[in-house]
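So the structure is just underneath, and the comments pick up after that.
The values are calculated or read from the model by the stated rules, or taken from the named source; none is laboratory data. Remember, it's a predicted structure, so these values are computed and weren't measured experimentally. Cβ placement follows ideal geometry from the backbone for every residue including glycine, while neighbour counts extend to all protein chains displayed. Just the protein is used for accessible areas: all its heavy atoms, side chains included, with ligands, DNA and RNA removed. Shrake-Rupley method; radii C 1.70, N 1.55, O 1.52, S 1.80 Å.
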Amino acid sequence: SEDMRYIAACDYRENNEYWSVADQIVNGIETSTSRPIIVDIGCGPGTLCECLRDLRADMVVVGVDESEPMLSHAREKYPLCTFIKGSAESLPLLSDSVDGVVSINTLHHLPDVDRVISEMLRVLRPNGLGYLVDLRRDAQASEVEKKLRRMHDGVAADLKRSLRSALTPREMVQLLKDKAITNLRVECGPIVSMSTELQNDPFKHEDDWPIYYRAIFRKYRDRKS
């Protein structure tokens, strides 16, 4: 099945895409927060959830996904994290209840990204951290070709379809500004610094960043979303 192909391609601990994102999130959460709650929207096989918990053991890490095969795999393999079934457009979480939300490579699958951002803001506590990573539709063809050559065969065809439905970084900036978010940083290209050492990633995910963008923002303390 498609789920099983994705799990085979992505669920391994040496995946530097997960480690680099987890590193930035752990360093972005307010240090005064005890037992912070982080939610991974579209968590898939749960690998990022485990990386987050591995980097900061006191974190409560929750993965949300609509796929039962993904959730079953994640629950069995990563029992120290919590996995619940739910939609990104209607998160099964209380308002103002979590310290961070993250979503990697999920937005291009969703028909209503605007609604997803609204849901992120709803569940975030004041000053909570939002961290989005997704493909950029305007990625250079040469960088895409490099990625395709490195990819697991099972998901290479999915990349081409996904790029067509992805946003550009400029479109994401506008979408977030429309939500009155000004505490915003959008980055393209490699992550400049990382406090954890790179793993020996057989698919060299650290070389893939030119075809992605990252949007990092906070929910204002004095704003109700």
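Assorted remarks:
- Within the set L94, L80, the sole residue that is touching a residue at least 24 places away in the same chain (Cβ under 8 Å), assigned to a loop (DSSP other than H, G, I, E, B) and under 18 Å from G44 (Cα atoms) turns out to be L80.
- Meets criteria (closer than 28 Å to R115 by Cα and either open to solvent by less than 20 Å² (accessible area, probe 1.4 Å) or of a type in the set (G, A, S) (or both)) for A57: no
- Scanning region 22-34 for residues that are touching a strand residue (DSSP E or B) at 6+ places or on another chain (Cβ under 6 Å) and either among the small types (G, A, S) or outside any helix (DSSP H, G or I) (or both) yields G28, I29, T33.
This table checks each residue for (1) at pLDDT 95 or above; (2) open to solvent by 30 Å² or more (accessible area, probe 1.4 Å).
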| site | (1), (2) |
| --- | --- |
| A8 | no, yes |
| N15 | no, no |
| N27 | no, yes |
| T31 | no, yes |
| P36 | yes, no |
| I41 | yes, no |
| E50 | yes, no |
| R53 | yes, yes |
| V62 | yes, no |
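- The single condition from (1) in contact (Cβ under 8 Å) with a residue 40 or more places away in the chain; (2) of a type outside the set (S, T, N, Q); (3) not in a strand (DSSP E or B) that P111 fails is (1).
- Any chance L124 is in contact with a helix residue (DSSP H, G or I) (Cβ under 6 Å, 6 or more places away or on another chain) and crowded, with 18+ Cβ neighbours inside 10 Å: no
- Single residue of region 181-220 satisfying the filter (within 22 Å of R136 (Cβ to Cβ) and of a type in the set (V, I, T)) that is surrounded by the most Cβ atoms within 10 Å (Cβ to Cβ): I211
- Hey, S142 surrounded by fewer than 15 Cβ atoms within 10 Å (Cβ to Cβ), out of contact with any helix residue (DSSP H, G or I) (no Cβ under 8 Å at 6 or more places or on another chain), over 29 Å from R13 (Cβ atoms) and of a type in the set (S, T, Y) or not: yes
- For D3, the test of being more than 13 Å from the chain's Cα centre (by Cα), in a strand (DSSP E or B) and either over 27 Å from K204 (Cα atoms) or not small (G, A, S) (or both) is failed.
- Given (1) assigned to a helix (DSSP H, G or I); (2) under 21 Å from L107 (Cβ atoms); (3) modelled with pLDDT under 90; (4) open to solvent by 20 Å² or more (accessible area, probe 1.4 Å), number of the condition R149 does not satisfy: (2)
- For region 76-102, the candidate set comprises residues that are small (G, A, S) and open to solvent by 40 Å² or more (accessible area, probe 1.4 Å); within that set, the residue that is nearest to S34 (Cα to Cα) is S95.
- Listed conditions (1) out of contact with any helix residue (DSSP H, G or I) (no Cβ under 9 Å at 6 or more places or on another chain); (2) at pLDDT below 95; (3) under 11 Å from V39 (Cβ atoms) are all met by D58, apart from (3).
- Contacts under 8 angstrom Cβ, first residue in region 169-189 being at negative phi, partner open to solvent by 70 Å² or more (accessible area, probe 1.4 Å) and hydroxyl-bearing (S, T, Y), 6 or more apart: N183/Y220
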